[in-house]
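Student: This structure is in structure tokens; I'll ask about it shortly.
The values are calculated or read from the model by the stated rules, or taken from the named source; none is laboratory data. Since we're looking at a predicted model, the values are computed, not measured. Please note: Cβ atoms are built from the backbone with ideal geometry, for glycine as well, and neighbour counts cover all protein chains shown.
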């Protein structure tokens, strides 16, 4: 009975930790999903597999946004919302405005780049066990 | 004896696959007899097998037999059956070898670490690896460089933070060392309070 409780507690802890990791960057993940469904967005998805095990090791997603300031602002806002959950964060000051540059959430990290012409790109490195 | 020579000749033709239905019927009839000469006794088992055993063992033979019944050409044609079986076995073996070669090659040579990668350009999803491979490599390189740059910035920040805190610790240590030299307790207390206030500000 005691053993059963311990196993159940461990299972709940495991599920909790997984959920916590998923929800840590929920805002930016939602915007990324939105980008995936938008035709005006160019995207490259690189999947890297281990040559020995053939299992997926890492997924790199690079998204370029052109002539869409609304979407760029949405990405910045989402990153800022998730920033308190980031394990590492770098912000950059550009023309008096603080812009996210790099946020890491453990095994998932986001790099954001805003160009002078207003176009932007965001890349995601996802090393979670797939 | 002449009769037996005829049987021997038939046997020779039988094993060469050149016997007619009538010839075979003659052989079956001969070997179903009880008075078979000793030198031909060894063939009896063969004809017993084709007469009964083969049709029980193999469904294919049943089918052939039924087919022959329909065409009024009922016969047991062991040589033909053997040939059919040999052809089927050959085809099966060839297929097995081909499938094995294919599986072996797909396990080794066909592996692509970028499998499943794609790009979406102007709303069009492209998965042709030969076409997109250079772009995948460029993107991977650029993103990993961004990551490296970020890690370098974080490392610098960590070093600055460590240097800053060690300087603060050194100043604090010097303050307290200076305080220990003051003999008057009231004066020492006043200076200590002032230093704490200044430090907190």
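Student: Quick check: is even one residue across segment A:9-19 at pLDDT 85 or above and under 20 Å from the mean Cα position of the chain (by Cα)?
Tutor: The initial filter retains those residues of segment A:9-19 that are at pLDDT 85 or above, namely none.
Taking every residue of segment A:9-19 in turn, none turns out to be at pLDDT 85 or above and under 20 Å from the mean Cα position of the chain (by Cα).
Student: If you don't mind, there's one more thing I want to ask. When you check residue A:51 against the structure, is it over 11 Å from the mean Cα position of the chain (by Cα) and in a loop (DSSP other than H, G, I, E, B), yes or no? Outline the logic, then answer.
Tutor: Working: over 11 Å from the mean Cα position of the chain (by Cα): yes; in a loop (DSSP other than H, G, I, E, B): yes.
Taking the combined requirement at face value, the residue satisfies it.
Student: Working only within segment A:77-98, note down all residues that are more than 14 Å from chain B (Cβ to nearest Cβ) and in a strand (DSSP E or B). So that I can check it myself, show each step before the final result.
Tutor: Keep residues of segment A:77-98 that are more than 14 Å from chain B (Cβ to nearest Cβ), which gives A:77-78, A:80-85, A:94-98.
Residues satisfying the conditions are A:94, A:97, A:98.
Student: Could you please give the count of residues in segment A:99-130 that are farther than 19 Å from residue A:60 by Cα and part of a loop (DSSP other than H, G, I, E, B)?
Tutor: The total comes to 5.
Student: Output the number of the condition that residue A:27 fails; it satisfies all remaining conditions of (1) in contact with a strand residue (DSSP E or B) (Cβ under 9 Å, 6 or more places away or on another chain); (2) surrounded by 14 or more Cβ atoms within 10 Å (Cβ to Cβ); (3) in contact (Cβ under 8 Å) with a residue 24 or more places away in the chain.
Tutor: That leaves (1) as the condition not met.
Student: Can you confirm whether segment B:63-80 contains a residue that is loosely packed, with under 10 Cβ neighbours inside 10 Å, at pLDDT below 90, in a loop (DSSP other than H, G, I, E, B) and within 14 Å of chain A (Cβ to nearest Cβ)? Don't jump to the end; show me each part of the working.
Tutor: If we filter segment B:63-80 for residues that are loosely packed, with under 10 Cβ neighbours inside 10 Å, which is where we start, we get B:70-72.
Pick out the ones that are also at pLDDT below 90 and you get B:70-72.
Okay, now just the ones that are also in a loop (DSSP other than H, G, I, E, B), so B:71-72.
So of that shortlist, the ones also within 14 Å of chain A (Cβ to nearest Cβ) come out as none.
The answer is no; no qualifying residue exists.
Student: Go through segment A:40-76 and give me each residue that's within 14 Å of chain B (Cβ to nearest Cβ), exposed (fewer than 13 other Cβ atoms within 10 Å of the Cβ) and within 28 Å of residue A:118 (Cβ to Cβ).
Tutor: Those that are within 14 Å of chain B (Cβ to nearest Cβ), exposed (fewer than 13 other Cβ atoms within 10 Å of the Cβ) and within 28 Å of residue A:118 (Cβ to Cβ): A:40, A:67.
Student: Provide a single number: the residues in segment B:94-125 that are at pLDDT 80 or above and at the interface with chain A (Cβ under 10 Å from one of its Cβ atoms).
Tutor: We begin by selecting, within segment B:94-125, every residue at pLDDT 80 or above; these are B:94-101, B:111-125.
Within this subset, residues satisfying the condition of being at the interface with chain A (Cβ under 10 Å from one of its Cβ atoms) are B:111-125.
Count: 15.
Student: Within segment B:132-157, track down each residue that is more than 13 Å from residue A:46 (Cβ to Cβ), more than 9 Å from every other protein chain (Cβ to nearest Cβ) and surrounded by 11 or more Cβ atoms within 10 Å (Cβ to Cβ).
Tutor: Passing the criteria: only B:145.
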